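The values are calculated or read from the model by the stated rules, or taken from the named source; none is laboratory data. Note that the structure is a prediction, hence the values are computed from the model and not measured. Virtual Cβ from ideal backbone geometry, glycine too; neighbours counted across all protein chains shown.
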Amino acid sequence: MGGAYIKVTRCIFDGCVGQWWGVVRAQSCAFETAAYTLVTAYSQSSFDACEFKCNRVQGHFLNLFGSGTFVSNCTFGPCEGGFSVMFIFGVLANTIRDCSFAGINQAVTLLEINSECSTTDLAPMSVENCDFVDFHGVPPRSGVTAINVRCYNQTSGLGAEIDSCIFSDGSASSSQTPGIAVASDLLLSNCVFQNLAPTDRPDLYGALSFGDTVVARNNSFLPPGIAAGGTGRLIDARENWWGDSTGPHNLNENPDGQGSDVANGVLFIPWLTHPPDTTTDTTHVSIEEPTILQPSSFALSAFPNPFNATTRLYLDLPVGISQARIIVFNVLGQVVKQMSVEVLTPQVEIELSSGEWPSGIYFAQAQIQDASETVKLVLLK
């Protein structure tokens, strides 16, 4: 079935040998058939409370192309599937929310996101409050990756935002990651990773090129196994829960950590000392608590702020400090400027020029010994 616009409500499609395509608005429908793709939908399509039960020829369940697509309260599986269950070729403002991918075996990927990666703060793809559970490879076929994110148009940029999702009881092959594989900028928050195999492959794997940044905050990476790792650029995984108050295990930076393992190239200090759903103060400041500096003796401010082309940073420092480091980064965690400052007096004034930076939110961080202070900057051009 194809056409410019298709609207269906409370329908069951079973045993079809063709495929759907067009701008599709489906509510409370069930799809199970044998075709390369059950449904192919374009910009402004929406699916609410639908069931994608199985593709009997192990093809795709749902393909989405364009902008403004919305999938909510839908279930995918159980099924034996060969292709990516959902394939997305996203441009702008696509959303998957409150969906479940469960009981799917032998699929390459549950959710494959190919984004026209954004250089703005607006992600082409948002995945919110979804469950990816009970997915496995069956020998001799390879295992399953829950989400794969990449750019199709350029080497870097924001590919997706993933928030409040559960990745549980899944397995990949010896060369795959069972959780999230990413080759773009990614914002990951409030998610849970548990009981994923193999344990020697990262739950979160970044194959990152120059300019790519993965920022993970307030997630739970539960033992056993490697929680995060990758190649190329650093993964910023600070302020996450690793399953133990001692933090993640890393042979070089935290050998006494009893939580999940993290590979080199992952920033994980500070970490949360309790699961993020508790009300306890959860920020662990560093491996060794600072004993020299007190917060009241170290301050950073900026004026003017907001600013146009130039602002000034003002540092108040404890006596005895001879050098400070200034790092400026954007909302994606990408470093846009860094410098070392020689300290001659307890009060230091630094001129900061925005250069070619686009308008937006930035953060300036001053680092001295075991302490740091950060100030939010607003650039208006």
Practice prompt. Sort through Cys54, Cys117, Cys99, Cys130 and tell me the only one that's closer than 20 Å to Ser189 by Cα and modelled with pLDDT under 90.
Written response: Cys117
Worksheet item: Considering Val108, Val91, Val133, Val127, which residue is within 14 Å of the chain's Cα centre (by Cα) and either in contact (Cβ under 8 Å) with a residue 60 or more places away in the chain or in the same structural domain as Val71 (by TED's automatic domain parsing) (or both)?
Response: Val127
Worksheet item: Just checking, which of Ser245, Ser173 is assigned to a loop (DSSP other than H, G, I, E, B) and either within 22 Å of Arg150 (Cβ to Cβ) or not polar (S, T, N, Q) (or both)?
Response: Ser173
Worksheet item: For Gly82, are the conditions met, namely being surrounded by fewer than 18 Cβ atoms within 10 Å (Cβ to Cβ), modelled with pLDDT under 90 and not assigned by TED's automatic domain parsing to the domain that holds Ile361?
Response: yes
Practice prompt. Run down Gly59, Gly77 and say which single residue is touching a Phe, Trp or Tyr at 6+ places or on another chain (Cβ under 7 Å), closer than 27 Å to Glu116 by Cα and buried (at least 19 other Cβ atoms within 10 Å of the Cβ).
Written response: Gly59
Worksheet entry | Restricting segment 342-372 to residues that are crowded, with 18+ Cβ neighbours inside 10 Å and at pLDDT 80 or above, the residue that is nearest to Ala216 (Cα to Cα) | Tyr362
Fill in: Count - residues of segment 38-52 that are crowded, with 19+ Cβ neighbours inside 10 Å and either outside any loop (DSSP other than H, G, I, E, B) or not hydroxyl-bearing (Ser, Thr, Tyr) (or both)
7
Item to complete: Enumerate the pairs (first residue in segment 3-23 and modelled with pLDDT of 85 or more; second residue anywhere and assigned to a strand (DSSP E or B) and of a type in the set (Ser, Thr, Tyr)) with beta-carbon separation below 6 Å, excluding pairs fewer than 6 apart on the same chain, so at least 6 apart or on different chains.
Response: Val23/Tyr5
Fill in: Restricting segment 165-185 to residues that are among the β-branched types (Val, Ile, Thr) and at pLDDT 95 or above, the residue that is surrounded by the most Cβ atoms within 10 Å (Cβ to Cβ)
Ile180
Item to complete: Go through segment 133-155 and count every residue that is crowded, with 17+ Cβ neighbours inside 10 Å and at pLDDT below 90.
Response: 5
Item to complete: Could you tell me whether Asp236 is out of contact with any Ser or Thr (no Cβ under 6 Å at 6 or more places or on another chain), at pLDDT 80 or above, surrounded by fewer than 24 Cβ atoms within 10 Å (Cβ to Cβ) and charged (D, E, K, R)?
Response: yes
